[in-house]
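Undergrad: The structure is given below, and queries will be raised subsequently.
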Amino acid sequence: MTEVTGVLHGIPMPENQWVHTKRDLGVLEALVARSNLLGADRSLANQGGGNTSAKGVVADHVGREQRVLWVKGSGTDLASITDKGFAALRLDEILALRERDAVDDAAMVDYLLRCALAPNQPRPSIETLLHAFIPAAHIDHTHPDAIIALTSSPRGRELAEETFGEEAVWLDYERPGFEMSRHVADILDGNQDARAVLLEKHGLVTWGETSEESYRRTIDFVSRAANAIQAAGAGRFGLGGPKVAECGEQDAQLLLLGSLPALRGALLADTDGVILEVDRSPEAVAFAGSVNGSHVSQVGAPCPDHLINTKHKPLAIDFDSSTEGVVELAGSLRAGVAAYAEWYRGYYERNLTDESRPFPMDPAGPRVVLIPGIGIVTSGGDAARARTTRDLYHRAIAVEDAAEAIGGFGSLTEAEAFAIEYWPLERYKLAQAAPKGELAGRIAVVTG
């Protein structure tokens, strides 16, 4: 049973990988290299999440020099992005927006598309205005585990002040967009010594006059946050330790083989295809079987970027393999999915607004299921989506464990979470996914 004890023990410092980067890169080449380094470490940037930018001067199609902002395209992944994944925008036209009193999301998207230096570019990131309004030449916005854990704790602001002093400014949670971007710019106007912005329950913004400086500053602030968490949470990581005994591999396989069809069948009640991914990693087993994991998991998602994949919270069932078997586990999964679906339908109806009304409710079942002693099962319309959800939930495990250790984990309110999950700009990312294949979400058996 003790194989996973001590697995949850804080957030390690990221490694500085810039030493492996070529020298004398052009502005866009350096931006690609920096983005790839950040995306390669998922404790810094989620799949498809975060955004980076650089500013420079180029000649347009008639030879006129233009100040340009290169910014990550919406929904692209920093780990694999190439130069084609960045939109080049006329910076001076974007800066004019800062003088307006208000800009709604639809108008912002339309305006930014009209600022494009060339046609057929990616749609600019949701947070393009943030990159434009901060005057630095190179800017990184990431979702590091350590920063989110710090800013998700009631003690977070206090620890941030102790750790960073005037080097970092704090912004209470706001949904990204025009208002948030202008608020950040206004705060920085009055804090010239700041070198980073801590976005509550969201992430980190850093900048520099070179790509290397911006990257190194991200690594520095995340490392200092990780060290602060390690010191403040000493002796309290692990979410209270094991609540139930860990199942051996053979016993876990037998329980899963007998119960996963029940889980899949329950999830298929309102969708036409679903694939399950079993996570028996030490971290998944430790989290699902911990004393406090089932409670903490219900507080909410640790990062807005997770929501369209993981939903606001997982299904956490009660199960103890020392006294229960396959029949009980299958029954708990069926009942748990039914209860979760009832909650999700209410969540959708309670929080529906004119903005979100055009989007029909997603299938009501959970995307993440915690099974004590066994691990975590994630689901998706195909294997890739199920694995993406699994990988994102590993980030949730790290954040929630660390935040609890330093004083408690807090998440977005239900209304705030829904406003992200059914936000038109987030739904756009889903619309960019390749259409489902004929057998997506189905299981085929080939004999002969």
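The values are calculated or read from the model by the stated rules, or taken from the named source; none is laboratory data. Just so it is clear, the structure is predicted and the values come from calculations on it, not from any experiment. We place every Cβ from the backbone using ideal geometry, glycine too, and count neighbours over all the protein chains shown.
Undergrad: Residues that are under 28 Å from D105 (Cβ atoms) and of a type in the set (D, E, K, R): does the range 409-418 have at least one?
TA: yes
Undergrad: Determine whether the range 318-325 contains at least one residue that is outside the structural domain of G50 (by TED's automatic domain parsing), touching an Asp or Glu at 6+ places or on another chain (Cβ under 8 Å) and not small (G, A, S).
TA: Taking the range 318-325 and keeping what is outside the structural domain of G50 (by TED's automatic domain parsing), we get 318-325.
Filter once more, keeping what is touching an Asp or Glu at 6+ places or on another chain (Cβ under 8 Å): 319, 321.
Right, trim to not small (G, A, S) and you get 319.
Checked against the condition, which is being outside the structural domain of G50 (by TED's automatic domain parsing), touching an Asp or Glu at 6+ places or on another chain (Cβ under 8 Å) and not small (G, A, S), the range 318-325 yields at least one hit.
Listed here are the residues, each with its yes/no results for (1) at positive phi; (2) polar (S, T, N, Q); (3) out of contact with any Phe, Trp or Tyr (no Cβ under 6 Å at 6 or more places or on another chain).
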| position | (1), (2), (3) |
| --- | --- |
| E174 | no, no, yes |
| D186 | no, no, yes |
| D193 | no, no, yes |
| A196 | no, no, no |
| A225 | no, no, yes |
| Q230 | no, yes, yes |
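Undergrad: Give the range 294-327 a look and list any residue that's part of a loop (DSSP other than H, G, I, E, B) and over 12 Å from V368 (Cβ atoms), or say none.
TA: Passing the criteria: V299, G300, P302, C303, D318, F319, D320, S321, S322, T323, E324, G325.
Undergrad: Could you say whether any residue in the range 199-207 is assigned to a helix (DSSP H, G or I) and of a type outside the set (D, E)?
TA: no
Undergrad: Still on this structure: Looking at the range 64-111, which of the residues that are aliphatic (A, V, I, L, M) and free of Cβ contacts under 8 Å to residues at least 24 places away in the same chain is nearest to P135 (Cα to Cα)?
TA: Among them, the one singled out is A96.
Undergrad: Can you tell me which residue within the range 262-293, out of those that are part of a strand (DSSP E or B) and of a type outside the set (A, V, I, L, M, F, W, C), is farthest from L239 (Cα to Cα)?
TA: E277
Undergrad: What do you reckon, is A146 over 22 Å from the mean Cα position of the chain (by Cα) and crowded, with 16+ Cβ neighbours inside 10 Å?
TA: no
Undergrad: Moving on. Looking only at the range 109-140, filter to residues that are within 23 Å of the chain's Cα centre (by Cα) and small (G, A, S); which one of those is nearest to H183 (Cα to Cα)?
TA: Filtering the range 109-140 down to residues within 23 Å of the chain's Cα centre (by Cα) leaves 109, 122-132, 134, 138-140.
Imposing the further condition that a residue be small (G, A, S) reduces the set to 125, 132.
Details: S125: 18, A132: 13 Å.
The residue in question is A132.
Undergrad: Give A136, A146, A194 a once-over and let me know the one that is in contact (Cβ under 8 Å) with a residue 12 or more places away in the chain, assigned to a helix (DSSP H, G or I) and among the small types (G, A, S).
TA: Values: A136 fails: assigned to a helix (DSSP H, G or I); A194 fails: assigned to a helix (DSSP H, G or I).
Result of the check over A136, A146, A194: A146.
Undergrad: Residues to consider are G373, G408, G448, G346; find the one that is outside any strand (DSSP E or B), without any contact (Cβ under 8 Å) to a residue 24 or more places away in the chain and on the phi > 0 side of the Ramachandran plot.
TA: Result of the check over G373, G408, G448, G346: G448.
Undergrad: Within the range 218-235, which residues are part of a helix (DSSP H, G or I) and free of Cβ contacts under 8 Å to residues at least 40 places away in the same chain?
TA: Matches in the range 218-235: D220, A231.
Undergrad: While we're looking at this one, here's another question. Quick one: which residue in R216, R224, R175 is touching a Pro at 6+ places or on another chain (Cβ under 9 Å) and either in the same structural domain as D305 (by TED's automatic domain parsing) or surrounded by fewer than 21 Cβ atoms within 10 Å (Cβ to Cβ) (or both)?
TA: Going through R216, R224, R175 in turn, just one is touching a Pro at 6+ places or on another chain (Cβ under 9 Å) and either in the same structural domain as D305 (by TED's automatic domain parsing) or surrounded by fewer than 21 Cβ atoms within 10 Å (Cβ to Cβ) (or both): R175.
Undergrad: Also, I was wondering about something else. If you check N309 against the conditions, is it more than 30 Å from N51 (Cβ to Cβ) and surrounded by 15 or more Cβ atoms within 10 Å (Cβ to Cβ)? Before you say what the answer is, go through the steps one by one.
TA: Working: more than 30 Å from N51 (Cβ to Cβ): no; surrounded by 15 or more Cβ atoms within 10 Å (Cβ to Cβ): yes.
It is false that N309 is more than 30 Å from N51 (Cβ to Cβ) and surrounded by 15 or more Cβ atoms within 10 Å (Cβ to Cβ).
Undergrad: Determine whether the range 239-251 contains at least one residue that is buried (at least 17 other Cβ atoms within 10 Å of the Cβ) and small (G, A, S).
TA: Checked the range 239-251: no residue is buried (at least 17 other Cβ atoms within 10 Å of the Cβ) and small (G, A, S).
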